[in-house]
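Here's the structure we're looking at; comments come further down.
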Amino acid sequence: MNNSMVDQFVQGVVDRNPAEFEFHQAVREFAESVIPFMAEHPSYRSEHIMERLTEPDRIVIFRVCWENDAGEICCNRAWRVQFNNAIGPYKGGLRFHPNVTQSVLKFLGFEQVFKNALTGLPMGGAKGGSNFNPKGRSSREVMRFCQSMMIELSRHIGEDTDVPAGDIGVGEREISYLFGQYKRLKNRFNGVLTGKGLAYGGSPIRMEATGYGLIYFVQNMLEAFGGSLTGKRVTVSGSGNVALFASEKLIESGAILLTLSDSGGSIFDPAGIDHEKLEWIKTLKLGHRGRIGEYVERYPEARYLEGAKPWSIACDLALPCATQNEIDEDDARALVGNGVHLVAEGANMPTGPAALAIFRENDVLFAPGKAANAGGVTVSGLEQSQNAIRMPWSRQEIDSRLRRIMSDIHAQCVEYGDGQQGQVDYVKGANIAGFVRVADAMIAYGIA
Ligand code: NDP
Ligand code: 2IT
């Protein structure tokens, strides 16, 4: 009964949004948790709330033209998907990557709505970005692209309207160019973007927040089952913002970090990547924008698995921190075959549906991104608070708020995520807890 209701609902979404495969995938995963819950709470059904929640408030699509270092004219497409502002101003990152499409940004905006709700902070959900590829571009080219993009984006954002931040390909450098241009265009210095530099309105720990928050969440999961990170072998994918700071916290917590990766391949260090090696990688990736494969030239005892993901390496815990659908069915089988017992998503939707089913069948503890990677947007919300009161908080203050909010998200997952044999179904828990908060607000506003 529930299955056919989910199929029917998702078919409607597919028909209305043809060829938006990532968006269909995110909606299906959400509907599989929420539609059975609605069957037990019929008031939501008569409100047609799922139809309303899966339709973005609006999408702005625009052209971004800019001049490269050779004096040639380049043209990209950019979007801002303002998905839902029932519980606060739109909030969510900007992604610069050649594979950005409307479907990708709609799935990310949809996920962001419920992730932001889980934080308990007043933030709606949005996502934006461009098919601009920053790789191989000079800083001046990136600056010109950001300045051109902001000319249009500035009409649609504001500290009480919509507050973008970073995501893949957008870090402090890009946010600074974007904020500098916004300030010039509007003559306003406010919290319109988060992820700013510390000297101009940024928050302590924003850069570290997603990675740290992920490890705090994993610690909560392990503690709930009487375990800890000490001595656990961990594979991490990616080597960007999320992966690097998750790695830092993992090492600090006594775990053994075995892998990192980028789109070229993975490194596997059987001796474990320690603090000193990680500092070298940070300089390589954040300072020189180098490739992860260079690690084996510096540390020849490690191996470089060219073109491969890290999921064939035996581990206790796997933390995908690169991009969507980076764990497929074969990867999940390899992980399970090697005895993985916990997977937590630092990236957004890195686990494909067939892989998720395999983790479920094998009782792998599994945390979805909308719960496990909510630390980034949490500290973004705290950056907005500091900007609004024009008062910076200390590193210690932010870190303790982040820890508290991650453990509160964990508690919500446990509350709504009753699984089979007393286990916690974190996917179900996160989806329903996020849904209840947003749906109740929408219903309170009447028909809209
Ligand atoms: P970065 O741009 O800092 O790093 C991305 C990393 O993932 C790089 O190592 C990159 O390798 C790799 N990667 C990106 N795309 C692909 C791909 N198609 N195939 C293989 N590897 C890829 O991004 P973030 O660390 O900020 O983001 C990583 C993930 O975390 C994303 O899913 C993002 O949505 C999510 N996230 C980010 C948050 C944040 O605050 N930044 C908050 C919550 C979630 P390469 O350099 O070779 O491209
Ligand atoms: O996916 C995400 O949560 C982010 N990229 C961070 C969003 C934000 O507004 O900080």
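The values are calculated or read from the model by the stated rules, or taken from the named source; none is laboratory data. Keep in mind the model is a prediction, meaning the values are calculated, not measured. Note that each Cβ is placed from the backbone with ideal geometry, even for glycine, and that neighbours are counted across all protein chains shown. The protein model used for the area step is the full one, side chains on, heavy atoms only, and it has no ligands, DNA or RNA in it. Shrake-Rupley method; radii C 1.70, N 1.55, O 1.52, S 1.80 Å.
Please report the projected area of segment 111-181's Cα convex hull averaged over all directions, in nm².
Its average projected convex-hull area is 5.2 nm².
Can you run the Rg to Rh ratio on segment 301-417? Use alpha carbon positions and the Kirkwood inverse-distance Rh.
Result: Rg/Rh = 1.08.
If the cut-off is 22 Å between C-alpha atoms, which lysines fall inside it for K91, apart from same-chain ones fewer than 8 positions away?
Output for K91: K106, K115, K127, K183, K186, K196, K370.
Using per-residue counts of other Cβ atoms within 10 Å, averaged over each peptide, order 171-180, 439-448 from highest down.
The most tightly packed comes first, giving 171-180, 439-448.
Quote the charge dipole size of the chain about the Cα centre in Debye, to the nearest 20; the model charges only the Cβ of Lys and Arg (+1) and of Asp and Glu (-1).
Computed charge dipole of the chain: roughly 1560 debye.
Step through the residues of segment 82-97 one at a time and calculate ³J(HN,Hα) from phi using the Karplus curve (6.51 cos²θ - 1.76 cosθ + 1.60, θ = phi - 60°), rounding each to whole Hz and writing x for Gly and Pro.
The phi angles translate into 8, 7, 7, 10, 4, 10, x, x, 3, 8, x, x, 10, 10, 10, 7 Hz.
Given N residues in segment 51-122, what is its alpha carbon radius of gyration divided by 2.2 N^0.38 Å?
Against the compact-globule rule of thumb, the ratio is 1.34.
How much of the accessible area of segment 313-448, in percent, comes from carbon and sulfur atoms when a 1.4 Å probe is used?
Here it works out to 50 percent.
If only Cα atoms are counted, what is the Rg of segment 1-135, and what is its Dmax, in Å?
17.1, 62
Roughly how many debye, to the nearest 20, is the charge dipole of segment 229-299 about its Cα centre, given +1 on each Lys and Arg Cβ, -1 on each Asp and Glu Cβ, and no other charges?
In total the dipole reaches around 160 debye.
Given a 1.4 Å probe and the protein chains all in place, what does the accessible area of R404 round to, in Å² to the nearest 10?
150 Å²
Considering the options S261, S176, P164, tell which one lies farthest towards the positive end of the dipole of the chain, charges being +1 on Lys and Arg and -1 on Asp and Glu at the Cβ, about the Cα centre.
Of S261, S176, P164, it is S176.
Antiparallel versus total DSSP beta bridges in the chain: what percent is that, nearest 5?
Just about 60 percent of them are antiparallel.
Mind checking Rg over Rh on the chain, alpha carbons, Kirkwood formula for Rh?
0.95
Which order do W66, W280 take when ranked by solvent-accessible area (1.4 Å probe, heavy atoms of all protein chains), largest first?
I get W280, W66, largest accessible area first.
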